Amino acid sequence: MSAARRIQVHVLRHNPRDPASEPRLQSYEVEEAAGMTLFLALTEIRERRDPSLAFDFVCRAGICGSCAMLVNGRPRLACNTLTKDLPADITLLPLPGFELIADLSVDTGRWMRALSERLQAWLHARETEVDAARIEEPMDPDLADRIYELDRCIECGCCVAACGTAQMRADFVGAVGLNKIARFSLDPRDARGDGDFYELVGDDDGVFGCMTLLACHDVCPKQLPLQNQIAFLRRRMARAGG
Ligand code: SF4
Ligand code: F3S
Ligand code: FES
């Protein structure tokens, strides 16, 4: 049996709240175990070698979106990325585009909350649907599937970190924002029309600022059909803008 591979994990260390802290890469050697994820490698480093290492996780199952980071330059979830699928040298950086808390920990939550408030990303129910009988009204199963597909976004921020437009323009809503609007614009229970959605994303901070770079589509860990949704929304908003 061959010996376990030893991997070198290079991690950005920096605490922006400490005036003495200078950003630097710190390297750790880890013995790879079967089925080891990046999350497990980081946990081993923190438990055995460096309790000060900061990184986020909650679910460890690709559901909560909190463990996203740049892995050899590409945004990924640490909890579902296997070390065996990576070279022996692994460089981990915090997601760009979000406030750095420390090391690999960034505040995506505040960014996502502000985005949801700005885009009013909740169902604006039609008044008649307060009627219990109508709430039970069945939705066309194919349409329900399309909406469910877009609802699988875990707000991890990978699409924002990968997008050149989002990195250049702080107010750009990113693929995550465009996906939210596409989702509500499909929903027949939402009282808003194309004119209302145009008000929210019919400009250069919205769908017309997207340069179709498509890195968002390539990196989304939930494989959301972002390319199709952005094209769909652009056509609808172009019509709405007349
Ligand atoms: Fe993450 Fe995909 Fe949602 Fe973007 S669209 S926040 S990459 S799950
Ligand atoms: Fe950015 Fe995706 Fe558009 S990467 S430019 S949001 S297609
Ligand atoms: Fe929840 Fe990775 S820890 S997505």
Over segment 54-71, the set of residues in a loop (DSSP other than H, G, I, E, B) and hydrophobic (A, V, I, L, M, F, W, C) is ALA54, PHE55, PHE57, VAL58, CYS59, ALA61, ILE63, CYS64, CYS67
By residue number, the members of segment 52-79 that are of a type in the set (Gly, Ala, Ser), within 14 Å of the chain's Cα centre (by Cα) and away from ligand 2 (no atom under 16 Å from the Cβ) are GLY62, GLY65, SER66, ALA78
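Consider VAL71 carefully, then state whether it is aliphatic (A, V, I, L, M), loosely packed, with under 13 Cβ neighbours inside 10 Å, under 30 Å from GLY177 (Cβ atoms) and modelled with pLDDT of 95 or more.
no
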Segment 1-43: number of residues that are over 21 Å from LEU77 (Cβ atoms), among the hydroxyl-bearing types (Ser, Thr, Tyr) and out of contact with any His (no Cβ under 9 Å at 6 or more places or on another chain) | 1
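Does ARG192 qualify as being away from ligand 3 (no atom under 16 Å from the Cβ), surrounded by fewer than 21 Cβ atoms within 10 Å (Cβ to Cβ), part of a loop (DSSP other than H, G, I, E, B) and more than 22 Å from the chain's Cα centre (by Cα)?
In short, yes.
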Working only within segment 151-166, note down all residues that are within 9 Å of ligand 1 (Cβ to nearest atom) and of a type in the set (Val, Ile, Thr).
-> ILE154, VAL160
Do you know which residues across segment 72-102 are closer than 23 Å to LEU224 by Cβ, touching a residue at least 60 places away in the same chain (Cβ under 8 Å) and in a strand (DSSP E or B)?
-> ARG74, PRO75, ARG76, LEU77
Find all pairs meeting these conditions: Cβ atoms under 9 angstrom apart; at least six residues apart or on different chains; first residue within segment 42-71 and on the phi > 0 side of the Ramachandran plot; second residue of a type in the set (Asp, Glu) and within 16 Å of ligand 1 (Cβ to nearest atom).
-> GLY65/GLU155
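The values are calculated or read from the model by the stated rules, or taken from the named source; none is laboratory data. None of these values were measured; they are calculated from a predicted model. Counting neighbours? That spans all protein chains shown, and the Cβs are built from the backbone with ideal geometry, glycine included.
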